[in-house]
Amino acid sequence: MSESGATTRAATTLEGFRVIWVAIKREPWVFTLSTVGSLLFGALTVADAWVLGWSTQHVVLPAFDDGEVGAGMLVAVLALFLGVALLRAVGIVARRLGAGIMQYRMQAHSRRAVTRQYLSLPMEWHQRHPTGELLSNANSDVEAAWGPIAPLPMAVGTVAMMVIAVVQMFVADLVLAVVGLLVFPAVIVANLAYQRLASPLMTRAQELRAEVSEIAHESFDGAMVVKTLGREGEETDRFAAKARELRDVNIRAGRIRAAFDPTLAALPNVGVLVVLAVGVSRVLSGATVAGDVVTVAYLLTIVSFPIRSIGWLLGEFPRSVVGFRRVSRVIEATGEIPYGATPAPAGSRGVRLEVDHLAYSYVPGQRLLDDVEFTVEPGRTVAIVGATASGKSTLTALLARLVDPDRGRILVDGVDLRDLDRGQLAEVGALVPQTAFLFDDDVRGNVTLGAAVSDEQVWAALRAAQADGFVAALPHGLDTKLGERGTSLSGGQRQRISLARALVRRPRLLVLDDATSAVDPEVEARILAALREGQEGVDAGATLVVVAYRKATIALADEVVHLQDGRVVDRGTHAELLARSASYARLVNAYEHGEHPPTDPGERDPEGDDLMAGEVSR
Amino acid sequence: MTTLADPGTVMDSGDDIAALDTIRRGIAVSPELTEGIRGTLALAVVASLGQVIVPIVVQQTLDRGLNGPGGPDVSFTVLMGVGAAVAIAVTSLASYFMTSRLFTTSERGLATLRIKAFRHVHDLPLLTQNTERRGALVSRVTSDVDQVSQFLVFGGLFFIISAGQVLIATIVMVVYSWQLAIVVWVAFAPLFLSLRYFQRKLSAAYGVVRRQMGAMLAAVSEPVVGAAVVRSYAVEDRTQARIDDAIEQFKSASTTAQKYTVVSFSLGGISAGLANAGVIIIGVWLGTHHGSWASDISAGTVLAFAFLVTLFVGPVQMGTQILTDAQNAIAGWRRVIGILETPADLVDPGADGEVLPRGPIDVRFDHVSFSYPGGPPVLHDIDLGIDSGRRVAVVGETGSGKSTVAKLLTRLMDPTHGAVLLDGVDVRRIAQASLRRSVVLVPQEGFLFDDTIAANVRYGRLDATDDEIRASAAELGLGDWLATLPAGLETRVGQRGESLSAGERQLVALLRAHLADPDLLVLDEATSAVDPQLEMRIGRALERLMTGRTSVTIAHRMSTAESADEVVVVDRGRVVQRGPHAELVAQTDSVYAGLHASWVAQQGT
Ligand SMILES: Nc1ncnc2c1ncn2[C@@H]1O[C@H](COP(=O)(O)OP(=O)(O)OP(=O)(O)O)[C@@H](O)[C@H]1O
Ligand SMILES: Nc1ncnc2c1ncn2[C@@H]1O[C@H](COP(=O)(O)OP(=O)(O)OP(=O)(O)O)[C@@H](O)[C@H]1O
Ligand SMILES: [Mg+2]
Ligand SMILES: [Mg+2]
């Protein structure tokens, strides 16, 4: 697996700089601003010391000597100190605000890129990536990736300070400077050790963050099941196990950080002591003068500040690299659905739908749909009938191009779905899925999904879906918010909103996947009447593909496609199939058999139903 | 029927908690945070002192040892050098131990916080859970908790230390010259006074940041879960626009908060400038005007003071920095505590609760009315008794209140008026554990966990073996189905069970409930997506398996009603008919007769 290989590779410092470089290239101006701010801050810190010296020299000492002081001088002191302080404040603002803005912008860039992928990657990809993990990618990983931006300007700004100090050291005494500069390799070694030790832990921590998020999302999503079975304790244990693992990894990573920071702080001081030791012997041997040793040592203490601030930067690297990799993995994921350039075929009535030798498998080698073939003439209705798990929903997913077939094609008015331009299929067809999915939006938004549709049209669609009555009774009518997944509606109400969503588009191909299962018989009868006869808001001319079990629905179809184990076993009108196919008759007449069991009325042994063996697909 | 007013409001009760209060409550929730705090504090003092002492020792070594007036003093230099080395070692070690201890206690405390908050989400009533979007709930146990960690490690303790340093610097300053000490404090007064203002602003600003983070995750999670709808309706652009909006809002909220942080922080620098200038000007003025009360001020005092000011400024700036960063952490902390403070109002009587005896349960609805929060009544005065061991079908139009009845019966919600009694005991007095053991609901919207079929079924009874699961599947007439699955019980069901067909998902949920072996089984359209043939087979199996139990089945398919002992017809929140199928269907013009007629019409041809 190349994926896991990419994450287990140790994060290198170089890679950390590369991540930074990405940010600098993306936001050069903000970066420049904050770096200039940082330099200004550094310069004015030096200036502050200079002002103090100047004041001492020109104001304090003369004043106490003479017992006299000019008001002008005092004003100058005030002006100098305040001026420097104000300018320094400007530097701070530029540095920190700049760093903040840069960081938030980079986060936003990454989040946009990541979520764009979420919306364009195929359904197969989504099935492999739990929602909680995707949330973690968009949140914690992005945050980790751009973590080093905060200390970045400071680190860059202090590099100047460091360069000046190092040059001065060489000017003072070559040998001592070399000795002093041994601090740098030491810093590098410390950093390498830190990266090596910390990066596997950070990798694991980010993985665990994703897992914690996964469990939380799944568990909250299934809260109702958890509650009804009283499994709160077990769910908590499951979550706690990961949370504790994350805790332990974080503690281990923390310990390493706890060792790294003081090491970096101590190294320059140790360097000073070494310089001192070498310096003393050199002074005694007359190779150098004491003043130079002091200068070099002093410069080395100055260097400790940049080293510390670069340390803060480097300290963020392992987490950043890991986060960046995780984010990149999403951004670089391929498999985006390719679109053609053909526009939707024009026309106002139903489309001609051809399903041509279709084959599809979810699991390679386990063919689910095989050689499925049928044609629906414009404006006609076909019913897909088959046992549970026979592949009906899969077929509808192919019709809506949620997945692409392994073999064969689907044509609308002669155009292969794969040749249609992005968004064009939705112009022609609408799928009402088996499980209604509502957004946390109001009724109008859920029906229109942002399409420019008048309220009258929305009402007409709701009427056709038999949803106008209860929507009108909602406290704010079309403006009523429905809650996430439409929690404030009953199951049947949700289904009808989902149906209205399809109808409002006046699709030329309408695919209903058992879309009225939660609707009571009376309401269903009215919906069917509306679809069959057409009415305000619904065209009777649409080509209709319905997955159904109820005979009334099936009887509405011009043709029935009987699906068994992913194959079309028979096609014809309902009456024809009833007459010639025993398995078909058993499937759709089951309710009548239920009333008058075919065997001994007292017989309730399921094994007695041997005539049904093998009916369930696969 | 109602909208849930402004999602999130219920759990945002924590938003008003003051900062110190948040910390106090946070520590109460995670007592680990203060474990060994004395030792850590001692280490922190050593480490901070070391940070001051080491440079001084080094300085002294250079100035007095090497650069001394009489040439290098080797023995002094060596002595001081060794001293400095020891100081560095001690400081580093202290710093290491302090930071690791801080990491340990804060991570332990945060894990506890996370786990408690997670648990509490599950303890919240169903309706409260539904007031917040899943993504936002997730953010409370992930990102919000993460915010606190930085502050706990690099904040809390150092604030105390900074405060201590400010105090010490003040004392030293007063000893040198109380007049100039006043000058310094006056220079910093605007900063200290404005701090409150900024803290308030920051607190509000970071509160917005955390809320926006929740909103952003919710905006991301929703279309991810509904990816199929987004895809099939080609509404990617609109969806992305909404997500982008949430991302943008988060960004601008963060930037606003950062602005306050930066301004508040930079004020410290200006105060320092003022203090320096003030010390020199006033020092010179006092020193040269030889007033009787300022005669002790010399040039030396003024210069020493200029140095003391830096000792004062450092910790003040550090403290301001910590305070501003703290607001971010506290805003996150508050949101997590907000969950814990949201009442779990379906109170479990726990040990005092009654325990239902095993065996079929009889059910009574005693004048039960119910309205969803802020909505009109959905059930009106339902008075209904179901004898133990009966198989009852509940039918009615969509939206008539059937699922609401089921949720009250299984105590996912409590009635607004009246009471639900099981075996004569008010459900509110039954211990949750006993209730969940005896009463199982298969909800209308089945949910499976991303695991194997076996694991999902076992959710009903944790100690069930694979053989028991198979046996129970065979009892339900699902043996054939299991046998046809290539991986059998080990088949992965995918997220929310989406790698199974809708019918298969219901089979797993049913199997799970059956394995739980309840005394009262409530099925809310549990087989609505299963094909008729299989449904009838399951129905017959259930009939047999339900002997010795009570069952309540909600179904739109009238075949269920036909075979039930008794039918309860719900219409607009009232029970309008009840009795055996044959009796009800004979009542012409009744609701039931109407429903049944449409059903028969559908079955025609
Ligand atoms: N969480 C909720 N908040 C507010 N109103 C709700 C909520 N859940 C249901 N309702 C409303 O209560 C009424 C009864 O809903 P319920 O789910 O009990 O109906 P039902 O009889 O089960 O319908 P269906 O057959 O469609 O499942 C409906 O009008 C519904 O809109
Ligand atoms: N994402 C997936 N990954 C793997 N297998 C899948 C996936 N989706 C469906 N399947 C399998 O494909 C088969 C057909 O599923 P499909 O949903 O098409 O059935 P269906 O005919 O619609 O059934 P139902 O009547 O229950 O809705 C099932 O056995 C199911 O387990
Ligand atoms: Mg299906
Ligand atoms: Mg319902």
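Residue by residue, here is whether (1) farther than 23 Å from A:S55 by Cα; (2) open to solvent by 50 Å² or more (accessible area, probe 1.4 Å) holds:
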position: A:A79; (1), (2): no, yes
position: A:G83; (1), (2): no, no
position: A:L87; (1), (2): no, yes
position: A:A94; (1), (2): yes, no
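Being of a type in the set (F, W, Y) and not assigned by TED's automatic domain parsing to the domain that holds A:I554 is the requirement here; does A:F317 meet it? Walk me through how you get there before you give the answer.
Details: of a type in the set (F, W, Y): yes; not assigned by TED's automatic domain parsing to the domain that holds A:I554: yes.
Yes, satisfied.
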Considering the stretch A:327-372 alone, what residues qualify as being of a type in the set (F, W, Y) and open to solvent by 80 Å² or more (accessible area, probe 1.4 Å)?
A:Y339, A:Y362
For the stretch A:518-541, state whether one or more residues are closer than 30 Å to A:M224 by Cα, under 36 Å from the mean Cα position of the chain (by Cα) and either of a type outside the set (D, E) or open to solvent by 10 Å² or more (accessible area, probe 1.4 Å) (or both).
yes
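Do we have B:D531 as without any contact (Cβ under 8 Å) to a residue 40 or more places away in the chain and farther than 24 Å from B:I382 by Cβ here?
Values: without any contact (Cβ under 8 Å) to a residue 40 or more places away in the chain: yes; farther than 24 Å from B:I382 by Cβ: yes.
Taking the combined requirement at face value, the residue satisfies it.
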Check B:D519 against each of (1) over 21 Å from B:D387 (Cα atoms); (2) away from ligand 3 (no atom under 16 Å from the Cβ); (3) over 31 Å from the mean Cα position of the chain (by Cα); (4) buried (at least 22 other Cβ atoms within 10 Å of the Cβ) and name the one condition it does not meet.
(1)
Subset of the stretch A:1-35 (residues that are within 22 Å of the chain's Cα centre (by Cα), modelled with pLDDT under 90 and open to solvent by 30 Å² or more (accessible area, probe 1.4 Å)):
A:M1, A:S2, A:E3, A:S4, A:G5, A:A6, A:T8
Any chance the stretch A:106-121 includes a residue that's surrounded by 18 or more Cβ atoms within 10 Å (Cβ to Cβ), among the charged types (D, E, K, R) and modelled with pLDDT under 90?
no
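Go through the stretch A:214-236 and count every residue that is farther than 20 Å from B:L515 by Cβ and open to solvent by 10 Å² or more (accessible area, probe 1.4 Å).
Residues of the stretch A:214-236 that are farther than 20 Å from B:L515 by Cβ, as a first pass: A:214-221, A:223, A:236.
Now restrict to residues that are open to solvent by 10 Å² or more (accessible area, probe 1.4 Å): A:214-215, A:218, A:221, A:236.
Looking only at that region, the number is 5.
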Every residue from the stretch B:492-516 that is more than 8 Å from every other protein chain (Cβ to nearest Cβ), open to solvent by 20 Å² or more (accessible area, probe 1.4 Å) and over 30 Å from B:P357 (Cα atoms):
B:R492, B:R505
Tell me which of these B:L448 doesn't satisfy, since it passes every other one: (1) crowded, with 18+ Cβ neighbours inside 10 Å; (2) at pLDDT below 90.
(2)
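Looking only at the stretch B:405-427, count how many residues are over 20 Å from B:G579 (Cα atoms) and open to solvent by 10 Å² or more (accessible area, probe 1.4 Å). Full working, then the answer.
To start, the set of residues in the stretch B:405-427 that are over 20 Å from B:G579 (Cα atoms) comprises B:407-408, B:410-427.
With open to solvent by 10 Å² or more (accessible area, probe 1.4 Å) added as a condition, the list becomes B:407, B:414-419, B:421, B:423-426.
Qualifying residue count for the region: 12.
Given the options B:S551, B:S563, name the one that is open to solvent by less than 10 Å² (accessible area, probe 1.4 Å) and of a type in the set (S, T, Y).
On the way: B:S563 fails: open to solvent by less than 10 Å² (accessible area, probe 1.4 Å).
Unique residue meeting the criteria: B:S551.
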Can you pull out the helices (runs of 4 or more DSSP H) entirely within the stretch A:71-150 that have at least 3 residues that are out of contact with any helix residue (DSSP H, G or I) (no Cβ under 7 Å at 6 or more places or on another chain) and on the phi < 0 side of the Ramachandran plot?
A:71-120, A:123-128
Can you pull out the helices (runs of 4 or more DSSP H) entirely within the stretch A:470-573 that have at least 1 residues that are within 12 Å of ligand 1 (Cβ to nearest atom) and within 7 Å of chain B (Cβ to nearest Cβ)?
A:491-503, A:521-533
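What is the residue count in the stretch B:268-279 for residues that are at pLDDT 85 or above and either facing chain A (nearest Cβ under 7 Å) or farther than 30 Å from A:F64 by Cα (or both)? Lay out the reasoning, then the answer.
To start, the set of residues in the stretch B:268-279 that are at pLDDT 85 or above comprises B:270-279.
From what's left, either facing chain A (nearest Cβ under 7 Å) or farther than 30 Å from A:F64 by Cα (or both): B:270, B:272-274, B:276-277.
Count: 6.
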Of these, B:S472, B:S438, which one is within 31 Å of the chain's Cα centre (by Cα), open to solvent by less than 30 Å² (accessible area, probe 1.4 Å), more than 30 Å from A:E522 (Cα to Cα) and away from ligand 2 (no atom under 16 Å from the Cβ)?
B:S438
I'm trying to understand the selection: among the residues of the stretch B:567-604, which are in contact with a Gly (Cβ under 8 Å, 6 or more places away or on another chain), open to solvent by 20 Å² or more (accessible area, probe 1.4 Å) and not in a helix (DSSP H, G or I)?
B:D571, B:R572
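Okay, residues lined up against (1) away from ligand 2 (no atom under 16 Å from the Cβ); (2) among the small types (G, A, S); (3) touching a residue at least 60 places away in the same chain (Cβ under 8 Å):
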{"position": "A:F324", "(1), (2), (3)": "yes, no, yes"}
{"position": "A:I331", "(1), (2), (3)": "yes, no, yes"}
{"position": "A:A344", "(1), (2), (3)": "yes, yes, yes"}
{"position": "A:S361", "(1), (2), (3)": "no, yes, no"}
{"position": "A:P364", "(1), (2), (3)": "no, no, no"}
{"position": "A:R367", "(1), (2), (3)": "no, no, yes"}
{"position": "A:D370", "(1), (2), (3)": "no, no, yes"}
{"position": "A:V385", "(1), (2), (3)": "no, no, yes"}
Is there a residue in the stretch B:340-353 that is open to solvent by less than 30 Å² (accessible area, probe 1.4 Å), part of a helix (DSSP H, G or I) and at pLDDT below 80?
yes
Just need a number here: residues in the stretch A:168-190 that are surrounded by 20 or more Cβ atoms within 10 Å (Cβ to Cβ) and not hydrophobic (A, V, I, L, M, F, W, C).
2
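To keep it simple, each residue is scored yes or no on (1) buried (at least 21 other Cβ atoms within 10 Å of the Cβ); (2) of a type outside the set (V, I, T).
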site	(1), (2)
B:T142	yes, no
B:S177	yes, yes
B:A181	yes, yes
B:L195	no, yes
Have a look at B:F312, B:F265 and point out the one that is in a helix (DSSP H, G or I) and either more than 10 Å from chain A (Cβ to nearest Cβ) or open to solvent by 30 Å² or more (accessible area, probe 1.4 Å) (or both).
B:F312
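Could you pull out the residue among B:G65, B:G71 that is crowded, with 17+ Cβ neighbours inside 10 Å and at pLDDT below 75? Walk me through it before giving the result.
Details: B:G71 fails: crowded, with 17+ Cβ neighbours inside 10 Å.
It is B:G65.
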Do you know which of the residues in the stretch A:251-278 that are open to solvent by less than 20 Å² (accessible area, probe 1.4 Å) and within 7 Å of chain B (Cβ to nearest Cβ) is farthest from A:V166 (Cα to Cα)?
A:I251
Please determine whether any residue of the stretch B:121-140 is in contact with a Ser or Thr (Cβ under 6 Å, 6 or more places away or on another chain), at the interface with chain A (Cβ under 7 Å from one of its Cβ atoms), in a helix (DSSP H, G or I) and surrounded by fewer than 24 Cβ atoms within 10 Å (Cβ to Cβ).
no
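For the stretch B:358-380, what are the residues that are part of a loop (DSSP other than H, G, I, E, B), open to solvent by 30 Å² or more (accessible area, probe 1.4 Å) and either in the same structural domain as B:L126 (by TED's automatic domain parsing) or over 15 Å from B:S403 (Cβ atoms) (or both)? Before the answer, list the steps.
Narrowing the stretch B:358-380 to residues part of a loop (DSSP other than H, G, I, E, B): B:358-362, B:372-376.
From what is left, the residues that are open to solvent by 30 Å² or more (accessible area, probe 1.4 Å) are B:358, B:360, B:362, B:372-374, B:376.
The answer is B:R358, B:P360, B:D362, B:P373, B:G374, B:P376.
The values are calculated or read from the model by the stated rules, or taken from the named source; none is laboratory data. Since we're looking at a predicted model, the values are computed, not measured. Glycine gets a Cβ as well: all are built from the backbone with ideal geometry, and neighbour counts include every protein chain shown. The protein model used for the area step is the full one, side chains on, heavy atoms only, and it has no ligands, DNA or RNA in it. Shrake-Rupley method; radii C 1.70, N 1.55, O 1.52, S 1.80 Å.
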